1. Using packing as a proxy for protection, rank 261-272, 370-381 so that the peptide with the highest average count of other Cβ atoms within 10 Å comes first.
2. So how far, in whole Å, is the C-alpha centre of the stretch 247-322 from the one of the stretch 385-410?
3. May I have the pair-distance distribution P(r) for the stretch 203-336, computed from all Cα-Cα distances with 10 Å bins from 0 and rounded to whole percent?
4. Per residue, what volume in Å³ does the Cα convex hull of the stretch 383-510 take up?
5. Check which residues have an amide H placed less than 5 Å from Lys153's amide H, if you skip close sequence neighbours.
6. What relative contact order, as a whole-number percentage, does the stretch 278-356 give when Cα pairs under 8 Å and 6 or more residues apart are counted?
7. Once phi is turned into ³J(HN,Hα) by the Karplus curve 6.51 cos²θ - 1.76 cosθ + 1.60 with θ = phi - 60°, what whole-Hz value does each residue of the stretch 42-50 show in order, with x for glycine and proline?
8. Could you give each residue of the stretch 78-92 its phi-based ³J(HN,Hα) in whole Hz, using Karplus coefficients 6.51, -1.76, 1.60 with θ = phi - 60°, and x for Gly or Pro?
Amino acid sequence: MDTFEKKSAPVGFDNAKKHLQPYSGYYSNQVPLHDPELTETDPGTPMGEYMRSFWHPVCMSIELTDTPRFLKILGEELVAFRDKSGRVGLLHAHCVHRGASLEYGSIQERGIMCCYHGMVFDVDGACLHVPYPKGEEKEAEKFACSIRQGAYKAFERHGLVFAYMGPPEKEPPFPEWEGNFTVAEGDELVPYSNFQHCNWLQVQDNAADNYHPTALHAGKNVVGGNYQGTTFDEVGAASMEVAPDMLFVPIQNGRTLACAGARRVNKDRLFVRVQHQVMPNLSLHAYTSEDGSAKKHFSRFHIIRWTVPVDNENSKMIGWRVMGPGIDTRGICDKSLVGYESIDFLEGQVAMRRPERFGKYTIDDLPPIPSNHRERANYKDAQYAPGDYEAIISQRPIAIHALEHPTKFDAGLYAFRKMLRDAVRGTNPEATPEKYAEWLRDLGGEPNSVCCGNVLEIPEAETVEQEVVQRRKVLRQMVSLLTESIDKKGQARADFVRGGMDAIEKSIGE
Ligand code: FES
Ligand SMILES: [Fe+2]
């Protein structure tokens, strides 16, 4: 793709240098096209087709009420509902008869009735009823058999509605990460959904951007004490504000990416956080409030979330936050704040900030989400202390990759973009929809994750140079240990990994 330098450079000037002189914005004022191959997900697009070969959460269970829920997913207009017999339906919004939206339909014992002429459609799209005059039942039945409302298979799990929107004959297994998302005893999966006014990929990019907390979530980023929000410093996880040494390793045949980061807590302990990016749009994150105050080996995921495209310029983060004493060893997470357009950590995760940060939105009291982030009532609060939402959506509705100047800190998200491209183009045969589904089937639908939070008792090395070498060695050893453990199950795996971490601590300390 042409870059702006090529387009705008006048004859006789050095293309590479022209825009580097003082006050030379003129030479970089053209905005090239976004990268459609990775960002566009409408039907028929390369990424859209790839995405459609996976299960995705499309809404929360609480969004299914006594009226149908209008949704847009992957650029398709849909309605979701739970019929009176308890089955979940996800249908094309526009009635196959003459296009009225089923969001105005009425939910039946079985299926949904279109408001316009009263046709009834089952959750699989079958037409159950056509309102023909008496005596013409045969004709009505014949007509009903000749049409079908577009439908997708959907089911509920832990408060989320999942759907498969690809060809039915290619339906993959639903991936039960860590064996049905197993969490520690006493912990629970709490569902949430946060709308993002931008393309899905920049939300996903952010998950592998492990350097931004140093700036975006640091106390020093709050302007002039004007704002009472939360930063990592305020939740006592100050080590998250230390720039980590990172190691990014594609694993599971290039279907997923291990993102391991080492940060020094103090001279005795090293915080090693391993985040797991799973193609195409899943990420698993370790404990978000770690303070590094005690040794910790192989604490598991705290967030598991999908970035689901709504359309090319909107998306939603939708998933579960794990709540309970097993993961939240400091007891500071707040379940009451996790839900629809709401999350309990760090201000600036959703469009609608609540200054008082109390209570959570329900479907009934949800204020309309503003379409323009600059017209929000709380815009100035957001400027005082921006969060992920502000950073991500302000990268433009679809970020322009051709204008980026990546540093080594961007290695993770660039690696993930490459994995996506290789998957979409088929240059990584292991990541094609067919091979991916085959892999899941071979694992009984239960892949394991490398995601974990760890505080290792590894003393700081004598010199800065030695410390850097030591941290990187620990990262390599941690990733190999986790990769080696990946086919083991449950307690046997936990014992193996914890034993391995003891050994790493010992060998480094020697
Ligand atoms: S448009 Fe739906 S029944 Fe006629
Ligand atoms: Fe962030």
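Read-outs throughout are calculated quantities, based only on the coordinates presented, and are distinct from any laboratory measurement. Note that this is a predicted model, so its numbers are computed, not measured. Cβ atoms come from the backbone with ideal geometry, glycine included; neighbour counts cover every protein chain shown.
1. By packing density, highest mean first, the sequence is 261-272, 370-381.
2. 19 Å
3. P(r) for the stretch 203-336, in whole percents per bin: 11, 38, 38, 12, 1.
4. Once divided by residue count, the hull of the stretch 383-510 is 202 Å³.
5. Here Tyr164 satisfy the definition.
6. Details: 93 pairs, mean separation 16.8, N = 79.
Normalised by residue count, the contact order of the stretch 278-356 is 21 percent.
7. With coefficients 6.51, -1.76 and 1.60, one gets 4, x, x, 7, x, 6, x, 5, 4 Hz.
8. 9, 10, 10, 7, 10, 6, 5, 8, x, 8, 8, x, 9, 10, 4
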